[in-house]
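Data first, discussion second: the structure below is written as structure tokens.
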Ligand code: BES
Ligand code: MN
Ligand code: ZN
């Protein structure tokens, strides 16, 4: 899909279709348009639409009218409109579309440019069905022209690049777990490095043993799939310290000896969505050629039950030197993340954000709407909340105070890897906080937001928009 800015009038656009957003009961000063609306009894109710042949008044073939209702027209509503536009274009085989300039109460024109190209491109994602070579021959929306007097197209390119990052994230997430293994993720990272000119480093099991990453290795030891620690670095700036993103890469989470129940266990292939999202952000940032330094680190393992798997009661020493009593082998995400979070100190990070499908409790607390946010630095948390609002990729902050941390007490090690039923997402973050004392850190629990279940089962590409926005905001 291609995006352009243009200052032409809607009447003079000579392509296939023009989209006109109609407020409820809106009266147009343009008689031709007003007559079309009246004769079709179109009142602009939210969710309504109709397509008219354009006639002599326009230069294009068809006009697409979309009702936007009578409520305040915010950025959030515009994103709903984009979803409707995309569906209408597919249904009516619209190949190119002109979107006239209009006002959004809480966002500016540049936001409209970036968001339009991001949302419409993301909607073109299709699942790779194994063994089928279904090519889509349908006429599809190929070109979108946005009316603007601005000439800088970079926001359109940013939106497109972020959508490419979301596509990578979704492709990896949706991939079956017999294909998307830790080794597959490390090969993907090498290919990304090749294509985008990044630095890549893959630590093998023996390297991790030498570094003392016994917590991470305790999770992978029951699996035939070898663990990997992937680092990818993009240097767009000579001077600054890197932003470091760490993504949980459990390519399948059976729970281990603390085996999960069978219900919906297939969805535990999505337990590497943190990894997929940080790799997606790396792709987006490299495509945008931003003047920042970004490093993404992915600890990746498969969590299996086996004769040689970790057992409840096992005690391991993490790379940080702190010891952990593994009371539940299903709380494995924190066990791989803690060693990765110790490892990233070597990058002397400006900030570290980890992204993980960490707790079922987060879905109970926040549902599928917001990712959980926890941080040891309120300024960083505020920065993330602000970026979540403009990217429409929501977060909600949860506390990580000392009272919660006490739930991790163990009689046999420095800490246990679980803190009981209460505040499960918070105690998971408290566990990680014990390994992130030396830098500004935030944790995103994406257990509820990384994928949809049911008939629309599939990866969402979140939080690639949020993380990209955080990085973009740091530039200005
Ligand atoms: N990957 C799961 C969390 C999860 C579960 C995400 C369901 C999305 C949907 C994680 O490894 C896990 O199993 N967490 C346990 C922690 C518990 C044992 C303290 C959980 O949430 O039950
Ligand atoms: Mn688990
Ligand atoms: Zn898990």
Between helix 75-91 and the chain: long-axis angle, C-alpha atoms, 0 to 90°, nearest 10
70
Compute the Kirkwood hydrodynamic radius of the range 167-290, taking the inverse of the mean of 1/r over all pairs of distinct Cα atoms, and give it in Å to one decimal.
15.5
What translational diffusion coefficient, in µm²/s and rounded to a whole number, does the Stokes-Einstein relation yield for the range 329-476 at 4 °C and a viscosity of 1.567 mPa s, taking the hydrodynamic radius as the Kirkwood radius over Cα pairs?
82
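Kindly work out what percent of the DSSP beta bridges joining two residues of the chain are antiparallel, to the nearest 5.
On the way: 28 of 68 bridges.
Around 40 percent of the beta bridges assigned by DSSP in the chain are antiparallel ones.
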Hull-based mean projected area of the range 283-372, where the convex hull spans the alpha carbons, in square nanometres:
8.4
Pairs of alpha-carbon atoms within less than 8 angstrom and 6+ residues apart define the contacts here; what relative contact order does the range 418-476 have, in percent?
18
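With a ≥ b ≥ c the root eigenvalues of the C-alpha gyration tensor of the range 54-148, is it rounded (a/c under 1.5), prolate (a/b larger than b/c) or oblate?
Working: a/c = 2.17, a/b = 1.36, b/c = 1.59.
Since a/c reaches 1.5 but b/c is at least a/b, the shape of the range 54-148 is classed as oblate.
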Provide the convex hull volume over Cα atoms per residue for the range 199-262, in Å³.
125
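Tell me, Kirkwood radius of the chain from alpha-carbon pair distances, in Å? Let's see the in-between values first.
Values: mean 1/r = 0.0423 Å⁻¹.
About 23.7 Å for the chain.
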As I understand it, the value is the acute angle between the Cα axis of helix 424-433 and the longest principal axis of the Cα atoms of the chain; what does it come to in degrees, rounded to 10?
70
Geometric extent, Cα atoms of the range 128-193 - Rg, Dmax (angstrom)
16.8, 51
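Of all alpha-carbon pairs in the range 63-109, indicate the percentage at a distance above 16 angstrom.
Details: 436 of 1081 pairs.
Tail of the P(r) past 16 Å holds 40 percent of the pairs.
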Using only Cα atoms and rounding to the nearest 10 degrees, what angle (0 to 90) does helix 154-174 make with the longest principal axis of the chain?
50
Value at 222 nm in deg cm²/dmol, rounded to 500, when DSSP H runs of n ≥ 4 in the chain each add -39,500 (n - 2.57):
-10500 deg cm²/dmol
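Taken together, the values in this text are just the output of simple stated rules run on the coordinates, not laboratory data. Owing to the predicted nature of the structure, the values given are computational and were not obtained by experimental measurement.
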